[in-house]
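Down below is the structure, laid out as structure tokens.
The values are calculated or read from the model by the stated rules, or taken from the named source; none is laboratory data. Values in this document were obtained by computation on a predicted structure and should not be read as measured data. Using ideal geometry, Cβ is built from the backbone for each residue, glycine included, and neighbour counts are taken over all protein chains shown.
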Amino acid sequence: MRQRLGTSSIQLETPVFIIGSASVVGKKEGEGPLGLLFDVVGNDDFFGCDTWEEAESSLQKHAVQLALEKAGVHAQDVDCMLAGDLLGQSIATSFGISSYQIPLLGLYGACSTCGEALAIGSMMIAGGFADKTVCVTSSHFASAEKEFRFPLDYGNQRPLSATWTVTGSGAFVLSANEDGLNNTCYDKATDMSEAEKTEMSHVARAKITGITIGKITDYGVKDSMNMGACMAPASASTLERHFIDFNSQPEDYDKIITGDLGSVGQTILIDLLREKGYDIAGRHMDCGMEIFDAGAQDTHAGGSGCGCSAVTLSAYILKLLEEGTWKKVLFMPTGALLSKTSFNEGKSVPGIAHAVVLERP
């Protein structure tokens with residue numbers, strides 16, 4: 001079976017399974033609507049470190065450790081790790097997970113990195129190039145503000161269109177096998193009783209069945225304080241091509257979930273898709289709008305950052321798939337592809353979005 005579908009998509013011949021995941025977040029995220037669902041909530045956003053960047057690295061390291069433990073997988077059983085963050089040269093990743101000594105593909109898709117990692121990790125497994133992969137992303141409010149905007153001590157005012165970068169990291173263990181048994185377990189399967197196999201296995205949280213890779217989309221927006229407006233056109237582009245490639249409609253999904261458009265970007269996305277003949281208003285959900293109480297927590301348009309969609313997926317979306325509340329969702333993190341250099345040189349902010357089809361196993 002040819003797995004390539006249409007112009008931009010892949011329909012996996014054999015599903016890839018998410019057999020374990022973890023979410024580690026900061027204090028503000030723990031005080032939000034999803035606070036009780038996260039695996040770890042820090043009391044101090046330094047997480048015992050000396051700098052914001054070191055704190056973000058510790059988020060990744062802890063999230064990977066928890067995800068591996070929950071999946072019942074050892075680091076040496078993982079064929080490849082796919083990871084990224086928002087900082088220059090992805091330093092949160094390189095300093096955070098180096099101790100695992102797992103072959104690494106460092107990724108940068110801005111806030112879409114979680115979708116990019118899941119897509120590539122799934123393709124590696126579906127193509128027979130890996131049995132298990134780990135996908136992890138992170139962001140930190142303070143390190144991102146220093147990287148892209150102003151240091152916290154500056155005390156700048158934020159417009160209502162601005163989003164709040166999530167302090168958090170989400171990690172996911174992907175496997176070719178639904179039960180998650182390690183390769184060494186299969187090698188010894190003839191020597192194991194059925195009870196022992198059951199004890200060692202882990203039921204998958206969800207399965208990945210399809211992917212749509214995004215294209216860079218640039219509507220010429222230059223306002224770095226309005227990420228929703230920058231990223232919404234990319235989301236609309238990816239969604240339109242996904243519907244065409246899979247010959248599907250919005251009603252084929254229980255939810256269509258973007259990463260971090262916020263309230264401003266959500267409105268733009270819905271309007272752009274209506275122009276294309278698709279109405280997603282009744283099925284759309286945005287992770288950035290779910291993770292914070294925008295009024296009570298003063299986050300304006302909502303949440304953003306690599307960690308936003310990742311921790312929401314691990315803590316909330318996968319939970320509802322496991323419980324059967326949702327059977328099939330389209331998960332589509334969105335990214336704004338800017339840097340300090342491009343912004344200071346007056347460039348626009350291009351966007352990108354990658355979509356992953358998630359189903360109840």
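Selection within the range 95-142: residues that are part of a loop (DSSP other than H, G, I, E, B) and buried (at least 24 other Cβ atoms within 10 Å of the Cβ). The member of this set that is farthest from the chain's Cα centre (by Cα) is I97. When restricted to residues that are among the β-branched types (V, I, T) and part of a helix (DSSP H, G or I), the range 254-289 contains 4.
Kindly establish whether V349 is outside the structural domain of W164 (by TED's automatic domain parsing) and out of contact with any Gly (no Cβ under 8 Å at 6 or more places or on another chain). Yes; evaluated as a whole, the condition is true for this residue. The residues of the range 28-50 that are of a type in the set (D, E, K, R) and either in the same structural domain as L318 (by TED's automatic domain parsing) or free of Cβ contacts under 8 Å to residues at least 40 places away in the same chain (or both), listed by number, are D44, D50. Being part of a strand (DSSP E or B), within 19 Å of the chain's Cα centre (by Cα) and touching a residue at least 24 places away in the same chain (Cβ under 8 Å) holds for only one residue in F331, F292, and it is F331.
Assess whether S348 counts as being among the hydroxyl-bearing types (S, T, Y), surrounded by fewer than 20 Cβ atoms within 10 Å (Cβ to Cβ) and either over 27 Å from F243 (Cβ atoms) or free of Cβ contacts under 8 Å to residues at least 24 places away in the same chain (or both). Considered against the rule, which asks whether it is among the hydroxyl-bearing types (S, T, Y), surrounded by fewer than 20 Cβ atoms within 10 Å (Cβ to Cβ) and either over 27 Å from F243 (Cβ atoms) or free of Cβ contacts under 8 Å to residues at least 24 places away in the same chain (or both), S348 comes out as no. Applying the selection to the range 1-34, what residues are within 16 Å of V166 (Cα to Cα), small (G, A, S) and out of contact with any Asp or Glu (no Cβ under 7 Å at 6 or more places or on another chain)? If the condition is that a residue be within 16 Å of V166 (Cα to Cα), small (G, A, S) and out of contact with any Asp or Glu (no Cβ under 7 Å at 6 or more places or on another chain), then G30 is the only one that fits. Looking at L338, L321, which one is assigned by TED's automatic domain parsing to the domain that holds G265, of a type in the set (A, V, I, L, M) and in contact with an Asp or Glu (Cβ under 9 Å, 6 or more places away or on another chain)? One residue alone meets the criteria, L321. Of the residues making up the range 241-280, those that are aliphatic (A, V, I, L, M) and under 22 Å from the mean Cα position of the chain (by Cα) are I256, I257, L261, V264, I268, L269, I270, I280.
In the set (1) in contact (Cβ under 8 Å) with a residue 40 or more places away in the chain; (2) surrounded by fewer than 19 Cβ atoms within 10 Å (Cβ to Cβ); (3) closer than 21 Å to G259 by Cβ, M81 fails one condition alone, (2).
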